[in-house]
Amino acid sequence: MQFANFSRSDLPSPTWLNIGYGPPGSPNIADLVTILALETVNDATFEGRSGPAMGPRLFGGHAIAQALLAASAVEDPARLPHSLHAHFLKAGSSAHPVRYVVTPLSAGRSFAVRRVDGFQGDTLIFTMTVSFHIEEQGYEHTSPAPFPLDIDAALARLEAWRASDDTSVSIPIVERLQKRPIEIVPIDPGLLFGSEGREAKTAVWMRMRETTGAEPLLQRALLSYASDMMFLRNALLPHGIRPGSDTIQAASLDHAVWFHETPDFDAWHLFATESPWAGHARGLNRGHFYDLNGRMVASVSQESLMRPKNHHRKETK
């Protein structure tokens, strides 16, 4: 399964936009559509390259997006994925490709479920189930976005923060995000990147750095990739722990996404997130994606490892 390359030629590039991301076309910006594309091994096996990561480990959102594409490659195109549930079993390497093996679990007139197992070498590092559903009509209701849908105000706050906070250019997570293909604009950058304990509730605006013109399936994969970015930060907020801190071992344990509508991830989406609980070296994170019209397009939940570091024990999940 391959996808064509697209580029954004009209994106403004003020220096404060997107937490210091390089301009469109910069070698620091990965072409997400290209790196998510899969090579077909056989009817049920696909191989995907790794992509930009926050270090030597494979980024969880990358594996989720590729596994979603692998499951969809063997599914009836009349059905689109409406949910996925992933478990990270071993730490994957960002330097090696992943082999995805798809197994059918059930198929009916309306729904079908596939399991995708991800391997690096002979090691099973990841497993995910994907449920597919035909298009149907039914009753509707939705909760409104918990924050104002005002991307211009968020951009203005980000510009002000970067101008007034000298530490903004030296925070490691900010520098690491420069190679990510997703634009991120926090509604409160001081909270997201700060080191003071705060309420475990925040939001970021997200969209593709380069336009894709992608069809519905790939749009779901792009949102899935983004849904694992900055998400476990929510459970750390009340404890004053900054992303990338060497005082804690943090990792995604499992991850679930429910697709309510087809997103257009070339446009801005608000990812409103919170953490209602943490304990026993784990934290629970949940959130919703809203488009600029206030539609809730997806919901996300994740449990993360947040183990205080003890240098006298081996750090394993």
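The values are calculated or read from the model by the stated rules, or taken from the named source; none is laboratory data. Quantities reported herein were computed from a predicted structural model and do not represent experimental measurements. We place every Cβ from the backbone using ideal geometry, glycine too, and count neighbours over all the protein chains shown.
The residues in region 33-90 that are part of a loop (DSSP other than H, G, I, E, B) and hydroxyl-bearing (Ser, Thr, Tyr) can be counted, and the count is 1. Test residue 211 against the criterion of being more than 23 Å from residue 86 (Cβ to Cβ) and touching a residue at least 60 places away in the same chain (Cβ under 8 Å), and give yes or no. Judged against the criteria, residue 211 is a match.
All conditions in (1) polar (S, T, N, Q); (2) under 18 Å from the mean Cα position of the chain (by Cα); (3) closer than 15 Å to residue 117 by Cβ hold for residue 93, with the sole exception of (3).
Please enumerate the residues belonging to region 97-106 that are of a type outside the set (Ser, Thr, Tyr) and either free of Cβ contacts under 8 Å to residues at least 24 places away in the same chain or touching a Leu at 6+ places or on another chain (Cβ under 8 Å) (or both). Passing the criteria: only 98. When residue 149 is tested against (1) touching a Gly at 6+ places or on another chain (Cβ under 7 Å); (2) on the phi > 0 side of the Ramachandran plot, just one condition goes unmet, and that condition is (2).
Taken together, 233, 242, 220, 176 contain a single residue that is out of contact with any His (no Cβ under 8 Å at 6 or more places or on another chain), buried (at least 22 other Cβ atoms within 10 Å of the Cβ) and at pLDDT below 90, which is 233. Would it be correct to say that residue 293 is assigned to a strand (DSSP E or B) and under 20 Å from residue 185 (Cα atoms)? In short, no.
Listed by first and then second residue, the pairs with beta-carbon distance under 7 Å, at least 6 apart or on different chains, first residue in region 182-199 and more than 21 Å from residue 150 (Cα to Cα) and at pLDDT below 90, second buried (at least 20 other Cβ atoms within 10 Å of the Cβ) and among the aliphatic types (A, V, I, L, M), are 198/237.
Only one of the numbered conditions (1) buried (at least 17 other Cβ atoms within 10 Å of the Cβ); (2) in contact (Cβ under 8 Å) with a residue 24 or more places away in the chain; (3) closer than 30 Å to residue 49 by Cα is violated by residue 119, and that is (2). Within the set 162, 207, the sole residue that is modelled with pLDDT under 85 and either among the β-branched types (Val, Ile, Thr) or crowded, with 17+ Cβ neighbours inside 10 Å (or both) turns out to be 162.
If the condition is being buried (at least 18 other Cβ atoms within 10 Å of the Cβ) and closer than 26 Å to residue 308 by Cα, then region 254-271 contributes 255, 256. Based on this model, can you work out whether residue 275 counts as modelled with pLDDT of 95 or more, out of contact with any His (no Cβ under 7 Å at 6 or more places or on another chain), hydroxyl-bearing (Ser, Thr, Tyr) and assigned to a strand (DSSP E or B)? Judged against the criteria, residue 275 is a match. If you check 94, 110, 131, 143 for being in contact (Cβ under 8 Å) with a residue 40 or more places away in the chain, among the small types (Gly, Ala, Ser) and more than 18 Å from residue 67 (Cβ to Cβ), only one passes: 143.
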